[in-house]
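In what follows, a single structure is set out as structure tokens and then discussed.
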Amino acid sequence: MEVFVQQLINGLTLGSIYGLIAIGYTMVFGIIGMVNFAHGDVFMVSAFIALIFFLLLTTWLGVSSVAIALLIVLVLAMAMTALWGWTLERLAYRPLRGSFRLAPMISAIGVSIFLSNFVQVAQGARNKAVPPIISDVIVLFERDGYAVALSYKQIIIMAVTTVLLTAFWFVVRKTSLGRAQRACEQDRKMAALLGIDVDRTISLTFVLGAALAAVAGTMYFLYYGVVGFSDGFVPGVKAFTAAVLGGIGSLPGAVLGGLIIGLVETLWSAYFSIEYKDVAAFSILAIVLVFMPSGILGRPEVEKV
Amino acid sequence: MTAYHNAVSPTAAARPSALVQALREGAVAALVMLGLSFPILLFRTDQGPSLQLVLTPRVGLVATLCALAFAARVLVHLNAVRRERAAAARAANARTVAKGAEAAPGAVARIMGTIGVPLFLGMAITFPLLASLAAGSLNGARYWIDLGILILTYVMLGWGLNIVVGLAGLLDLGYVAFYAVGAYTYALLSTTFGLSFWICLPVAGVLAAFWGIILGFPVLRLRGDYLAIVTLAFGEIIRLVLINWVELTNGGAGISSIPRATFFGIPFERGEGGFAATFGLPFNAMHRIVFLYYLILVLALVTNAVTMRLRRLPIGRAWEALREDEIACRSLGINTRNTKLTAFSIGAGFGGFAGAFFAVRQGFVSPESFNFLESAIILSVVVLGGMGSQFGVAIAAVVMVGGPELLRHLTFTKAIFGADFDPNDYRLLIFGLAMVVMMVWRPRGLIAHRDPSIVLKERKAISGSLVKEGNG
């Protein structure tokens, strides 16, 4: 029971990180029908940006309050990663719009290889570790010598995720940008005829997705304190699994899927074998795609002749 | 792109404003570059003396990159303006220019078809000879022949995957799984049962084909991107199982001291009973390398021959029909399940052969050789080759696998960037960039036309853009 509650907490934390990345996948797939393979690596880049800004603020500029430093890091990482998202869309995906289906996908794989090796060249192949940033915990209850703890880090991650997702939800549901986005998702040509700047909307979709990935990257850096250049691929695939599980194209689905994947991963590690946790995640991906391709909250795809 | 059209009006008065516009665009590009590189390039994190990370600023590097971005953007913009003016001028005295430009692609394709293929094949067959002549001795050519083996391995893998992606239109991102199955089949059978390579090679192919059916069966209903993702997941699952099933595969440490290839039973060894002694030659370790080169050349050519024959058989035509329209296929009575499964398993079988070859060549296999990057390289070779064009795949393999190797020889870069600069570090960086650039430049691949599988009276080239691909 204690172990279960503890793993539940850990799983929800991990799941919120996956959920944040998954939104980027699901939005891009919804609007241009493309699996943005490089999204996991954008997440990794954002974790590096967060690391560097954090070091810059704490060691060079002497910001002593960790809370203020983290807040600034979060905002700056979001802005910088959004710029990455915009540039990648502009250079690697926009010229291929209207080209045949495989082209953007291959281009995205190229971007993914480029980004991870760019970071390797720019920052070195070693994992970058910082001492734990916040290590306080709240002990919820204790039984038989096993303390169920909720760390401040986990509280921060869940709180930040909730707040930003709410803000994001508001953007998509209530603003003109969100309306334009949903219109493009339904019918790009018709949206363009009605005066929506489709190119700009798609750009902004990438920017929003990258900004949310930056939140995930900052949280990842805060949670683990270690980042490496190859950290993008596996979280990326897992977040994609989350997006598929929740129903690709559906935003609440992406978050729900992220939480489920996070829970499955931690519970699997706790009760079965930690070595096969990635196999479990990949198997879920295969099983979901084969047996319920529209996911939990997605709309079924109708095939037209 | 719309920015150009609005900004550049093809009038004479536009000349000064075009330059200003270009400079402005360049400044924006430089600013974006600055933003992109601000934290991640400007500061390098290194482990300091007390295990703390310390930041090292690199202002010069970022300034250079920004200047480069500025210059590139200005040039691109001016070029676009020039082209626009030329187009405007052409429109003014129309008709005269149009014809000459039309004929060019067809002519190139024809020359490629008549001269390119025999030339390429001749090069491939005489390559060890040419390389040793160029290097002065057989031993000096070792590096080049090794590189030839590497390229031919990718040619073979590309041709194998081409059956699945190019012919049947099933996008497979986990092809490396079958490569791994083949490699581990040979590694395990030879180290535990002492079976020879020539027995294991067919076994590896058959087992990989079998795995192709197993993995192909559940994904029959999927299309396009979903199919790609599931095959990617299968590829990763196989790699993770290879890492974690330590009792069988020795985990991440891999299997070493795999028996080497023999000349149909005669080992490449010094002394009595060896290859050199049997044929009365002086012993040379290069015999084995040259033999491996010709082995993979033959395997690749067999792959090609089988593919070309299959395309003419009913099953091959069913694959291509399936690629074009699955629903029409079904209504015409083609069994799409069996058609897809044969494509999967035959493609996988060739992957298995290539895997067994890989194991016998390296003498060592570990799960790290079969990661997603490998699948991505093989797929990019197929796509850049123009999917379905066998010759294009061969060229793409030379470009994508051989090209980055050239970086090893760019020693002059050390003189420019300092002694600790190793151009080889940038191999994958450039590879990724090349994938993007190639897609933007030629989304239909290097050879964008298709030879029809069957013809009536006259052979016509089909433009690649008329062919559906990868819709699963």
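Below is a table of values for the structure above.
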item: Antiparallel bridges, percent of DSSP beta bridges restricted to the protein assembly as shown (to nearest 5); result: 100
item: Rounded tilt (10° steps) of A:152-174 against the dominant C-alpha axis of chain A; result: 20
item: Ordering of A:131-140, B:433-442, B:161-170 by packing [mean C-beta count within 10 Å, highest first]; result: B:161-170, B:433-442, A:131-140
item: Radius ratio Rg over Rh of the range A:150-305, counting only Cα atoms, Kirkwood formula for Rh; result: 1.01
item: Chain pair B, A: total accessible area buried, heavy atoms, 1.4 Å probe, Å²; result: 5800
item: Inter-probe distance in nm under a simple model that places probes 7 Å from Cα toward Cβ, at B:Glu405 and A:Arg97; result: 4.1
item: Amide H partners (placed H, <5 Å) of B:Leu53, local residues excluded; result: B:Gly48
item: Placed amide H near B:Gly386: partners under 5 Å, 5+ positions off or other chain; result: B:Leu446, B:Ile447
item: Average other protein chain Cβ within 10 Å of Cβ, residues B:29-40; result: 5
item: Per-residue mean of C-beta atoms belonging to partner chains within 10 Å, peptide B:425-438; result: 6
item: Under 5 Å, built H, 5+ apart or other chain: amide partners of A:Ser151; result: A:Ile138
item: Ranked packing of B:75-82, B:317-324, most packed first, by mean Cβ within 10 Å; result: B:317-324, B:75-82
item: Per-residue ³J(HN,Hα) for the range B:432-447, Karplus 6.51 cos²θ - 1.76 cosθ + 1.60, θ = phi - 60°, Hz, x for Gly and Pro; result: x, 4, 4, 4, 5, 4, 4, 5, 5, 6, 9, x, 8, x, 5, 10
item: Percentage relative contact order, chain A, counting C-alpha pairs under 8 Å, at least six apart; result: 36
item: Peptide ranges B:51-57, A:183-189 listed from the most packed, as the mean C-beta count within 10 angstrom indicates; result: A:183-189, B:51-57
item: Per residue convex hull volume, Cα atoms of chain A, in Å³; result: 146
item: Exercise: per-residue mean of other protein chain Cβ atoms within 10 Å, A:230-236; result: 1
item: Loop GluC sites (Glu not before Pro), the range A:216-305, which have at most 14 other Cβ atoms in a 10 Å radius of their Cβ (DSSP); result: A:Glu301, A:Glu303
item: Anisotropy class of the range A:1-110 from Cα gyration tensor, a/c 1.5 cut; result: oblate
item: Under Karplus coefficients 6.51, -1.76 and 1.60, residue-wise ³J(HN,Hα) of the range B:160-174 in Hz, glycine/proline x; result: x, 5, 4, 4, 6, 8, x, 8, 8, x, 9, 7, 10, 9, x
item: Using a Förster distance of 51 Å, the FRET efficiency for A:Ile68-B:Leu248 (Cβ separation, nearest 0.05); result: 0.45
item: The range A:100-162: C-alpha gyration tensor shape, a/c 1.5 cut-off, then a/b vs b/c; result: prolate
item: Cα gyration tensor shape of the protein assembly as shown, rounded if a/c is under 1.5, else prolate or oblate by comparing a/b with b/c; result: rounded
item: The protein assembly as shown - mean residue ellipticity at 222 nm from DSSP helices (-39,500 (n - 2.57) per run, n ≥ 4, rounded to 500); result: -22000 deg cm²/dmol
item: Qualifying trypsin sites (Lys or Arg not before Pro) in the range A:214-305, DSSP loop, other Cβ atoms within 10 Å at most 13; result: A:Lys304
item: Gain on full stretching of the segment that runs from B:Phe364 to B:Val306 - 0.36 nm per residue minus C-alpha separation; result: 18.0 nm
item: Protein accessible area in the range B:310-447, 1.4 Å probe - carbon and sulfur %; result: 63
item: Accessible area in square angstrom per residue, the protein assembly as shown, 1.4 angstrom probe; result: 45
item: Label-point gap, in nm, between B:Asp425 and A:Ile287 - each point 7 angstrom along Cα→Cβ; result: 4.4
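The values are calculated or read from the model by the stated rules, or taken from the named source; none is laboratory data. Note that this is a predicted model, so its numbers are computed, not measured. Backbone-built Cβ (ideal geometry, glycine too); neighbour counts: all protein chains shown. In case anyone asks, the SASA skips ligands and DNA or RNA and just uses the protein heavy atoms, side chains included. Shrake-Rupley method; radii C 1.70, N 1.55, O 1.52, S 1.80 Å.
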